[in-house]
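Coordinate-derived values only; no laboratory data. Remember, it's a predicted structure, so these values are computed and weren't measured experimentally. Please note: Cβ atoms are built from the backbone with ideal geometry, for glycine as well, and neighbour counts cover all protein chains shown.
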Amino acid sequence: MKILLMTWACDMEDVSEPEICSKWVREIAKDHDVTLFAVSRPDRYGCVKEQFPDLNVIEWKDIWVPKGLEKFRSVAKPGYIPYYFKARRFLRRLFKHQDFDVVHQITPLAWRYPSPAAGLGVPFIRGPIEGGLDTPTPLKSAVAGNLPFYYKLRDFDKFRKSIDPILKQSFLQTEMLLLAAPYVEEVIQPLKFQSSVLESDHGLLDKQRHPYNDKKLQNNPDCVTFVYVGRIVRTKGLRDAIHGLAAAKMRQKAKLIVIGDGDDLEICKQQAKDLNIENLVDFKGWQTRDEVDHFYQSSDVFLFPSFREPTGGVFLEAMSHSLATISCKYGGPEYFIDDECGILIPPQAPDQYAKAIGAAIDRLIADPTLRASMSKAAWKRANTHFSWEEKRKRLAHLYSQLSDNTHKPEVT
């Protein structure tokens, strides 16, 4: 099929959303005739054409911002407003001269951005969309005052769903939305849309597949290794994991390996010392990709109680390495981790949350058979439902469904 892919910050040499987007483009292009319409940072302009030489690439440059505002650019995307109107005019001209079976806008992943391709007469699919996940009420006090000023813009987004005519029209004119996790449907209310399906932004590539690690069944019964991998900031829950380990009755049979860095690192180190479990927590700092894989392979359980996690790429990594998981029953983890793969703990006040984490730690230490069954279930779920092979099949089916429908007249 002939597909126009639209992306914002598609760059396989970057991290986070640009890297995720590049994977979507590479995988979709395996099955379809793709034209790629991309926007790049000024300092990376030209990278898309270089990285996708076999595709027809239309690459635009994002607006310039001072170096100190790069984080603001990635979060707020101030260049998107002029892009929307310019791109909408461009697409109208493009569609007069080129036919596409489907237009698919992959990024921005955040739902708050209207698409310039909606309602232009070509079947249109948008997503996966995500974002807008609030801190759960019982844990809001834990993050009070810790967020950058521009995160307050998210409060305004709640009103835009009711008053922004361009955003509302964009959703209404989108034939299919891909939702990165179930919570997104609630977030985007009261916006009206035609249809939606669940499709995570993350997928398991062939090179990321690992054989089932049955050696975990033979691990030392006197020591169960828990591993945390990620940024060390308050919402990722490492403080809660450390307090949970301290609350566990069987903590002397546990070891927690911490991989990552961040603003909360020194506080977490001090907490481990204050709670007298310094000998049970090993802070490894930042590690290379190969070293992270090694720690996944040599661990028994992924302990990552992040309580504002919109998706779940790190969960997919752990699952692909045959790891059972302990996390929060909220947001992205609810989609990746089911009851067969791990233990999800409802968000509670910090003290109760830590105690519940401790109880989950005790449960998995005491029951090696349960750990083994969750390990196998996690590996299987990662390699089936979340594999890119299966995602491509689902996308091809959606494209075919949309293309078979009669093209709708343009709505102005």
Review point. Quick one: if you stick a label point 7 Å off each Cα along the C-beta vector at Ile166 and Lys86, how many nm between them?
Key: 1.3 nm
Review point. Could you state the number of Å between the C-alpha centres of segment 1-31 and segment 156-216?
Key: 16 Å
**Study point:** Nearest 10 degrees, 0 to 90: helix 80-97 Cα axis against the chain principal axis
**Key:** 50 degrees
Review point. Could the peptides 116-122, 235-241, 390-396 be put in order, highest first, of the mean number of other beta-carbon atoms found within 10 Å of their residues?
Key: 235-241, 116-122, 390-396
Study note, to complete from the structure: A chain fully extended from Val143 to Ala396 at 0.36 nm per residue, minus the present Cα-Cα distance, gains in nm 86.9 nm
Review point. Given springs between every Cα pair under 10 Å in a Gaussian network model of the chain, which of His202, His97, His243 has the largest fluctuation?
Key: His97
Check your understanding: Whose amide H sits under 5 Å from the amide H of Ser196, counting only residues 5 or more places off or on another chain, with H placed in the peptide plane?
Key -> Leu177
Practice item. Pop out the ³J(HN,Hα) list for segment 170-184 in order, Karplus 6.51 cos²θ - 1.76 cosθ + 1.60 with θ = phi - 60°, rounded to Hz; leave Gly and Pro as x. Key: 4, 5, 5, 8, 8, 5, 8, 10, 9, 9, 5, 6, x, 4, 4
Exercise for review: Within 10 Å of each residue's Cβ, count the other Cβ atoms and sort Met1, Met6 from fewest upward.
Suggested key: Met1, Met6
Review point. For segment 283-292, what does the Karplus curve 6.51 cos²θ - 1.76 cosθ + 1.60, with θ = phi - 60°, yield as ³J(HN,Hα) per residue in whole Hz, taken in order and with x for Gly and Pro?
Key: 8, 9, x, 5, 10, 6, 4, 5, 5, 4
Check your understanding: Can you sort Cys328, Cys10 by how many other beta carbons sit within 10 Å, fewest first?
Key -> Cys328, Cys10
Practice item. Please find, in a Gaussian network model of the chain (springs between Cα atoms separated by less than 10 Å), the residue of Cys21, Cys223, Cys341 whose mean-square fluctuation is greatest. Key: Cys223
Study note, to complete from the structure: Expected sort for Ser200, Ser115 with the fewest Cβ neighbours (10 Å cutoff) up front is Ser200, Ser115
Review point. Cα axis of helix 153-163 to longest principal axis of the chain: angle in degrees, 0 to 90, nearest 10?
Key: 50 degrees
Check your understanding: Going by a ≥ b ≥ c, the root eigenvalues of the Cα gyration tensor, does segment 206-383 fall in the rounded group (a/c under 1.5), the prolate group (a/b larger than b/c) or the oblate group?
Key -> rounded
Point to revise | Cut-off 12 Å, label 7 Å out along Cα→Cβ of Gln194, residues of segment 106-142 by amide N | key: 118-126
Practice item. For helix 238-247, report the angle its Cα long axis makes with the longest principal axis of the Cα atoms of the chain; keep it between 0 and 90° and round to the nearest 10°. Key: 30 degrees
Exercise for review: Please say if segment 264-356 is rounded, prolate or oblate, where rounded means a/c under 1.5 for a ≥ b ≥ c the square roots of the C-alpha gyration tensor eigenvalues, and otherwise the choice is prolate for a/b larger than b/c and oblate otherwise?
Suggested key: oblate
Check your understanding: Quick one: if you stick a label point 7 Å off each Cα along the C-beta vector at Lys71 and Ser16, how many nm between them?
Key -> 0.9 nm
Review point. What is the chain's relative contact order, in percent, from Cα pairs under 8 angstrom and six or more apart in sequence?
Key: 16 percent
Study note, to complete from the structure: In the list (i) 0.96; (ii) 1.26; (iii) 0.99, the entry giving Rg/Rh (Cα atoms, Kirkwood Rh) computed from the coordinates is (iii)
Practice item. Would you pull out the residues with amide H under 5 Å of Asn56's amide H, same chain only if 5 or more places away, H placed 1.01 Å from N? Key: Leu36
Review point. With the Cα gyration tensor of segment 19-94 giving a ≥ b ≥ c as the square roots of its eigenvalues, does the rule (a/c under 1.5 for rounded; else a/b larger than b/c for prolate; else oblate) give rounded, prolate or oblate?
Key: oblate
Study note, to complete from the structure: Which of Val102, Val75, Val34 fluctuates most in a GNM of the chain (C-alpha springs under 10 Å)? That residue is Val75
